[in-house]
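The values are calculated or read from the model by the stated rules, or taken from the named source; none is laboratory data. This one's a predicted model, so the numbers in the text were calculated from it and none came from an experiment. Note that each Cβ is placed from the backbone with ideal geometry, even for glycine, and that neighbours are counted across all protein chains shown.
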Amino acid sequence: MKAKVIVIFIFGVLAALAVICSIFPADGITIGNIKLEFPNLSEVLAVKDSHNTESGDTTGVMPTDPEELFKYQLEHMKTDDKDSFMEFCQKNPARFHMPNDDLAYFDSLFIAMENAESAPMRILHYGDSQLEGDRISSDLRERFQASFGGSGVGMVPAVLRGGSMTLAQSSSQELPRYFAYNMGDHLSDGRYGIMCQVAHLNGSAQFTFRTTELEGVPHSKTFERVTMVCSGSGSATLIAGDAHVEMRDGSGSSDKGLKFLSATLPSPVKKASISARGKMEIFGVMLDASTGISLDNVAMRGCSGTVFTITQRSTLEPFFNHENVRLIILQYGGNSVPYMNKEKSIQGYKNSMIAQVKLFQSMAPKAKILFVGPADMSTNVKGEKQTYPQLEPTIKILKEVCAETGIAYWDLYEAMGGHNSMIKWVESNLAGKDYLHFTREGASKVADMLYNTYMMYYRFYCKRVGKSPKTMNAATDSTNKK
């Protein structure tokens, strides 16, 4: 074949491909269960950008390697002058997005943290499968307890579904359990309680709780106060070694109200059992210290965060009235990302999330609320791992929810590096091969970033009011670590 014919053939093929590129539908063609896609001309001719920071919320050139990113963020948190604080609060990707740019939003929380040794307080950390096994929460809890006092793993289900890194649980019999989210049977009356799940006891059972030897979280290894949150009629005894302590309710509620059957042991323990008798709904068991901060991990696999309004309010509100809950963390959005492709679904999710936030605000007026947005998530886009196309629009919606309801937002997506950062986290063994969930080490990094941001604002609060930061162990702030 002559060279001239070959050249004409090659250019003819390229021309045909160019025509197909220009006329092929951008969203592809679906034939039965098969979807055909073809790149458009702009994609073929474009020079790929290895890292895209669309938000413009960067301070200097952001590193793409996770370890370099952590070092970069810590360096920008080592500050003690007002101008540097303000620059962090206005530009740093790890900052909090405060309602109406109110830098004093968390001031009452900081005061409560400082007073936790004399007035114990709680932090509720709600989220989806990113929190399963006490991931993220366990490290965040350790940082707070080391700095402001407290011990124990906080609130757990009477019967744990799935494993936990910090606690082993068992029960003498299998109890019927019901969930507000898609993990089991549901209830028509919505009596799920503060953990959005409930166990029904009709007779007697013994529940045993034993802390694990997980490294890096020494404050989670012991507890001294045990409280069973329940309703109905019955009694319970706390057993720890030779000690048998009757658990008493101080709430004064009726059989249909929420009860707090509680007992305090003479010294901290690693293992204890509850022997319960009667007909009761058991909403959770709190394993705490008598002072300091408690942080509860409430992980709901597959949940979009819209189940609180279907939970009967009478099983929620008394908890906030009884416990000194000063911070509620809502970490959702990831499970909704794949479905955010139509205006109707986007607006519906926004309206539902606004309703959830307003419910918490009405039940817990003293608590501050922080929404932690979804992490970067990768999917196959035209044969390559890339950030979900719907992720950034979902984050935009969640920021609007926070702005309209007057709560704070932490952009985990930007804090971890933004567009396509999950790929780097997987390569660094900080996230799993599903390109969605953090590993134990990655979850610990996320907890450190979040805690360090809290402490950055806490130090700024202290500077604004003219006092020195009050912590039990300043070294816990990882901005002070090497």
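Observations, loosely collected:
- Count of the range 81-137 residues which are at pLDDT 95 or above, surrounded by fewer than 16 Cβ atoms within 10 Å (Cβ to Cβ) and basic (Lys, Arg): 0
- Within the range 314-336, considering residues that are part of a helix (DSSP H, G or I) and under 16 Å from the mean Cα position of the chain (by Cα), the one surrounded by the most Cβ atoms within 10 Å (Cβ to Cβ): Gly334
- Filter pass, Asp448 being over 20 Å from Tyr339 (Cα atoms), among the acidic types (Asp, Glu) and assigned by TED's automatic domain parsing to the domain that holds Thr79: yes
- Gly234 satisfies every condition listed in (1) surrounded by fewer than 20 Cβ atoms within 10 Å (Cβ to Cβ); (2) on the phi > 0 side of the Ramachandran plot except (1).
- Exactly one residue out of Glu224, Glu246 is acidic (Asp, Glu) and in contact (Cβ under 8 Å) with a residue 24 or more places away in the chain, and it is Glu224.
- Filter pass, Asn202 being surrounded by fewer than 21 Cβ atoms within 10 Å (Cβ to Cβ), outside the structural domain of Trp410 (by TED's automatic domain parsing), part of a loop (DSSP other than H, G, I, E, B) and touching a residue at least 60 places away in the same chain (Cβ under 8 Å): no
- Test for Gly278: is it in contact (Cβ under 8 Å) with a residue 60 or more places away in the chain, surrounded by fewer than 20 Cβ atoms within 10 Å (Cβ to Cβ), at positive phi and assigned by TED's automatic domain parsing to the domain that holds Ala112: no
- Residue among Ala443, Ala431, Ala415 that is buried (at least 20 other Cβ atoms within 10 Å of the Cβ), in the same structural domain as Gln331 (by TED's automatic domain parsing) and either within 12 Å of Pro374 (Cβ to Cβ) or among the hydroxyl-bearing types (Ser, Thr, Tyr) (or both): Ala415
- Some residue of the range 361-376 being touching a residue at least 24 places away in the same chain (Cβ under 8 Å), surrounded by fewer than 22 Cβ atoms within 10 Å (Cβ to Cβ) and either part of a helix (DSSP H, G or I) or not assigned by TED's automatic domain parsing to the domain that holds Tyr409 (or both): yes
- Residue count for the range 350-360, restricted to those that are more than 18 Å from the chain's Cα centre (by Cα) and surrounded by 22 or more Cβ atoms within 10 Å (Cβ to Cβ): 0
- Gly154 vs. criteria closer than 30 Å to Asn115 by Cβ and either small (Gly, Ala, Ser) or at pLDDT below 95 (or both): yes
- Against the numbered list (1) closer than 26 Å to Leu412 by Cβ; (2) aliphatic (A, V, I, L, M); (3) assigned by TED's automatic domain parsing to the domain that holds Phe209, Ile123 comes up short only at (3).
- Condition check for Gly250: outside the structural domain of Thr311 (by TED's automatic domain parsing), of a type outside the set (A, V, I, L, M) and either crowded, with 18+ Cβ neighbours inside 10 Å or under 30 Å from Tyr332 (Cβ atoms) (or both): no
- All positions within the range 211-226 that are in contact with a Leu (Cβ under 7 Å, 6 or more places away or on another chain) and either within 15 Å of Pro157 (Cβ to Cβ) or assigned to a strand (DSSP E or B) (or both): Thr211, Phe223, Glu224, Val226
- Only residues that are more than 21 Å from Asp296 (Cα to Cα) and part of a strand (DSSP E or B) were counted in the range 227-248, giving 13.
- The residue that is nearest to Val285 (Cα to Cα), counting only those in the range 122-162 that are of a type in the set (Ser, Thr, Tyr) and outside any strand (DSSP E or B), is Ser151.
- Residue in the range 100-107 that is on the phi < 0 side of the Ramachandran plot, in a helix (DSSP H, G or I) and in contact (Cβ under 8 Å) with a residue 24 or more places away in the chain present: yes
- Sole residue being in the same structural domain as Gly133 (by TED's automatic domain parsing), closer than 25 Å to Lys342 by Cβ, buried (at least 21 other Cβ atoms within 10 Å of the Cβ) and out of contact with any Ser or Thr (no Cβ under 7 Å at 6 or more places or on another chain), chosen from Tyr409, Tyr454: Tyr409
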